[in-house]
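Worksheet: the structure to be examined is printed underneath.
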Amino acid sequence: MKIRILYILFVLLVSCSKERVIPDVRQCNLELSLTVPYQYTNDIQSFEGVVVYVKNSRKDYVFTAMSNAEGKVVFSNIEPGFYVVNIGSEIVGVNDIFVLNGNKSIELFSSLTVNVDLEVNVIQVEGAGFVIKEFYYSGCLTPAGNNYTDDQFIEIYNNSADTLYADSLLIVEHESYGYEPNYWSYMASDSIVVKMIWAFPQSVGLLPVAPGAGIIIARDAFDHKSDPNGNPLSSVDLANAGFEFWSDKNVDSDIDYRSPNMVAKLWTFKGNDVSFHTRGGSAMAIVKIPGNVDEFVSQNLVVKEGAISANQYFCKIPNKWVIDAVEVTWNDKLYKRFHNSLDAGSVFVEAGSLSGFSIRRKVRRIINGRVVYEDTNNSNYDFEHDVVPTPGIYLQ
């Protein structure tokens, strides 16, 4: 009996010891050193508490640790493999509050201890301006089992404490869906390349947006839950959407609802309706181009080598004119399109196409009833995924 009890205890101890150990005979140590660009070194004098995530690219498990004041982070006993280091953390500086973000792919094969230097991007928290608050692209199914995507929408939001004006903003979609290498990666450090550019109609005037308010841009601006033209399985009511995307290619195929139509300044693959990839390949951004937009677009068209058709022209836009960008992907096995300074991470609906779920920013804090959303320029950290769409709703 004593032997049996000892054996059972031994088995239990062995089982418990295996709970978080990754089987590999050769383990590595990863030592990270965080730095900031020179112009921030006086303001950011301590890295204490910066959260760092290290994800195994093949097996999808994640390690988390916090840096010390000097920016040193150590991960011990990691199995060899391919990893992605991700940072999204708020930090209090000498004179301001900052957000640090960063992203770097590393390989742990060459040594038992690998030292990596990582210069992080720095963003001042206050005055963040417009952000993409929510993007619903997955669509859903009808009672008959048919695909339904007319209820797609994107919502932008004034995340600042001041009234801002949206009339000169542009909504753009990156040229690539991200399931293959970005053709334009050689210019990603200074420019994005887009296939759709949508402007607000001039008829709306200055279009002021109060602090804590947003603008919904619908694919079709009506109540998809209750309207006979909709889908009773949709959870989305877009009857109060401020604007809608609309195609004039075939006016009989796209119903023009009462909301004002966005104006297409570029639509490379123009169709009978506007639609976003239900699996999540549409990487979106808010852009502000100074001067005449039509003139800028005509002077900044780019084309892939070997293209023979006029409908294969895209537009190059400097990163410095991007106000907000979200790297929306099919899954986490992605090819980056936006530079890390625009979005150091990525996000997607894990339930997949036609799941009826959206991606939505996390709430950072509430100030006198006004919601302030996370905006670290790292979608891994900033967004919730697989959430029920909530257009126009800010306090959950």
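The values are calculated or read from the model by the stated rules, or taken from the named source; none is laboratory data. The shown structure was predicted, so the numbers you read here are calculated from the model rather than taken from an experiment. Methodologically, a virtual Cβ is constructed for each residue, glycine included, from the backbone with ideal geometry; neighbour enumeration extends over all protein chains shown.
Some values worked out for this structure:
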| quantity | calculated |
| --- | --- |
| Failed condition for residue 395, given (1) aliphatic (A, V, I, L, M); (2) part of a loop (DSSP other than H, G, I, E, B); (3) in contact (Cβ under 8 Å) with a residue 40 or more places away in the chain | (3) |
| Check on residue 85, modelled with pLDDT of 85 or more, within 18 Å of the chain's Cα centre (by Cα), buried (at least 17 other Cβ atoms within 10 Å of the Cβ) and of a type outside the set (S, T, N, Q) | yes |
| Selection count, the stretch 287-308, where residues are surrounded by fewer than 21 Cβ atoms within 10 Å (Cβ to Cβ), in contact (Cβ under 8 Å) with a residue 60 or more places away in the chain and either part of a loop (DSSP other than H, G, I, E, B) or within 20 Å of the chain's Cα centre (by Cα) (or both) | 2 |
| Subset of the stretch 202-233 that is in a loop (DSSP other than H, G, I, E, B) and of a type in the set (A, V, I, L, M, F, W, C) - its residue that is farthest from residue 265 (Cα to Cα) | 233 |
| Segments classed as strands (runs of 3 or more DSSP E), wholly inside the stretch 56-151, with at least 2 members that are of a type in the set (D, E, K, R) and out of contact with any Leu (no Cβ under 6 Å at 6 or more places or on another chain) | 113-119, 130-136 |
| Test: residue in the stretch 141-151 that is buried (at least 24 other Cβ atoms within 10 Å of the Cβ) and among the β-branched types (Val, Ile, Thr) | no |
| Selection status of residue 14, at pLDDT below 90 and in a helix (DSSP H, G or I) | yes |
| Where a residue in the stretch 64-92 is more than 22 Å from residue 111 (Cβ to Cβ) and touching a residue at least 24 places away in the same chain (Cβ under 8 Å) and its partner, wherever it lies, is exposed (fewer than 14 other Cβ atoms within 10 Å of the Cβ) and of a type outside the set (Asp, Glu), with Cβ under 7 Å and at least six apart | 90/97 |
| Sole exception among (1) at pLDDT 90 or above; (2) at negative phi for residue 71, by number | (2) |
| Whichever residue in the stretch 273-286 is among the small types (Gly, Ala, Ser) and crowded, with 19+ Cβ neighbours inside 10 Å and, among such residues, is nearest to residue 172 (Cα to Cα) | 285 |
| Count of residues meeting criterion [of a type in the set (Gly, Ala, Ser) and without any contact (Cβ under 8 Å) to a residue 24 or more places away in the chain] in the stretch 140-192 | 2 |
| Pairs, first in the same structural domain as residue 74 (by TED's automatic domain parsing) and among the aromatic types (Phe, Trp, Tyr) in the stretch 37-51, second modelled with pLDDT of 85 or more and assigned to a loop (DSSP other than H, G, I, E, B), C-beta under 8 Å, six or more apart | 47/67; 47/68; 47/69; 47/70; 47/71 |
| Residue within the stretch 380-387 that is touching a residue at least 24 places away in the same chain (Cβ under 8 Å), closer than 15 Å to residue 157 by Cα and assigned to a helix (DSSP H, G or I) present | yes |
| Qualifying residue in the stretch 361-372 (condition: surrounded by 21 or more Cβ atoms within 10 Å (Cβ to Cβ), of a type in the set (D, E, K, R), touching a residue at least 40 places away in the same chain (Cβ under 8 Å) and over 30 Å from residue 148 (Cβ atoms)) | no |
| Residue list for the stretch 309-352, filter: surrounded by fewer than 22 Cβ atoms within 10 Å (Cβ to Cβ), among the charged types (D, E, K, R) and either in the same structural domain as residue 99 (by TED's automatic domain parsing) or assigned to a strand (DSSP E or B) (or both) | 316 |
| Qualifying positions in the stretch 116-150 - of a type outside the set (Val, Ile, Thr) and either on the phi > 0 side of the Ramachandran plot or touching a Lys or Arg at 6+ places or on another chain (Cβ under 7 Å) (or both) | 118, 127, 129, 133, 134, 139, 145, 150 |
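Results for (1) of a type in the set (Phe, Trp, Tyr); (2) buried (at least 21 other Cβ atoms within 10 Å of the Cβ); (3) closer than 30 Å to residue 365 by Cβ, shown as yes or no for each residue.
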position: 194; (1), (2), (3): no, yes, no
position: 201; (1), (2), (3): no, no, no
position: 210; (1), (2), (3): no, no, yes
position: 217; (1), (2), (3): no, yes, yes
position: 227; (1), (2), (3): no, no, no
position: 237; (1), (2), (3): no, no, yes
position: 256; (1), (2), (3): no, no, no
position: 263; (1), (2), (3): no, no, no
